[in-house]
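The values are calculated or read from the model by the stated rules, or taken from the named source; none is laboratory data. What you see is a predicted model, and the numbers here were worked out from it, not measured in a lab. Glycine gets a Cβ as well: all are built from the backbone with ideal geometry, and neighbour counts include every protein chain shown.
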Amino acid sequence: MFGKISSWLGRLSVGRKLMLIYLLDLSAVIYVSGILIHEKFQSIDFTRKELVGTVYTRAVSTQLMAPFLPPASRPSTEKAALDETRALHDELLHTESLSAAFAASLDAMPARGADNPAASNALLRAGRELLTAVGNQSNLILDPDLDSYYVMSLAVLRFPELLQVLHDTRELLLRTPGRVSAQDLRAQRLTAAGRLDAVLQGMEADYNQAWLAGDNQLHTQLHASR
């Protein structure tokens, strides 16, 4: 087989041999260019999904926090903004069922939501599950840039966890002792304090890592929330 190819090449004129070399080089360039173009399109799609995740995370976080704030401090954003975000992006992120559960939990919250443990616990659970799914499906959790990765960790993981721990601690402190012994109650409170300390340490670590990887602008933006 190799001999036939060599014989065929030997019968070609110089011009045709040069043309063959050119075509072979061109095919290699086209192949490599195709790979690079494909990678660029993948990067563009990755970034587009991250932008969707950022918008969705903001909409969920705003509504998740609102029932636990005093009425005067609650954000003016209406639930319609969340409904619009769901309609636009649920299909892309495959979050239809989780977002529906979160919306139902919001609708079930009474006016004084923080005083209803069952409703507020359901809302917190649904909100955290939705935020985690949005982070996964939108590539936010796969972010290769350390500064934005740790900002994602704060918004998607740490802050919702802090809200959950504060809510659980409040319920524990308001709970009447009943049949629980003073020793058991003390143990429960120590456990709550340990959870809170762990969350705060995790947040502090995320802030520090974000600032190490980011610039002065990021430091300024994160300073107020810290």
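Of the residues making up region 194-226, those that are over 15 Å from L157 (Cα atoms), part of a helix (DSSP H, G or I) and aliphatic (A, V, I, L, M) are L212, A213, L218, L222. In the set (1) without any contact (Cβ under 8 Å) to a residue 24 or more places away in the chain; (2) over 15 Å from the mean Cα position of the chain (by Cα); (3) closer than 28 Å to A87 by Cβ; (4) surrounded by fewer than 18 Cβ atoms within 10 Å (Cβ to Cβ), N121 fails one condition alone, (1). Taking the criterion of being within 15 Å of L163 (Cα to Cα) and loosely packed, with under 13 Cβ neighbours inside 10 Å, the residues of region 195-226 that qualify are D197, A198, Q201, S225.
Among the basic types (K, R), over 24 Å from S153 (Cβ atoms), out of contact with any Asp or Glu (no Cβ under 9 Å at 6 or more places or on another chain) and modelled with pLDDT under 90: is that true of K17 in this structure? Before you say what the answer is, go through the steps one by one.
Details: among the basic types (K, R): yes; over 24 Å from S153 (Cβ atoms): yes; out of contact with any Asp or Glu (no Cβ under 9 Å at 6 or more places or on another chain): yes; modelled with pLDDT under 90: yes.
Here the answer is yes, as K17 does meet what is asked.
State yes or no: is L166 surrounded by fewer than 17 Cβ atoms within 10 Å (Cβ to Cβ) and more than 23 Å from A118 (Cα to Cα)? Before the answer, list the steps.
Working: surrounded by fewer than 17 Cβ atoms within 10 Å (Cβ to Cβ): yes; more than 23 Å from A118 (Cα to Cα): no.
Judged against the criteria, L166 is not a match.
When region 193-216 is filtered for residues that are of a type in the set (D, E, K, R) and in contact with a helix residue (DSSP H, G or I) (Cβ under 9 Å, 6 or more places away or on another chain), the ones remaining, listed by number, are R195, D206, D215.
Residues in region 171-193 that are at pLDDT below 90 and in a helix (DSSP H, G or I): E171, L172, L173, L174, A182, Q183, D184, L185, R186, A187, Q188, R189. Of all residues in region 150-174, those that are more than 13 Å from Y207 (Cβ to Cβ) and of a type outside the set (A, V, I, L, M) total 8. Taken together, the residues in region 117-170 that are farther than 24 Å from Q221 by Cβ and either outside any helix (DSSP H, G or I) or not basic (K, R) (or both) amount to 19. Within region 63-86, if we keep just the residues that are at pLDDT 75 or above, under 17 Å from P160 (Cα atoms) and more than 21 Å from the chain's Cα centre (by Cα), the residue that is surrounded by the most Cβ atoms within 10 Å (Cβ to Cβ) turns out to be P67.
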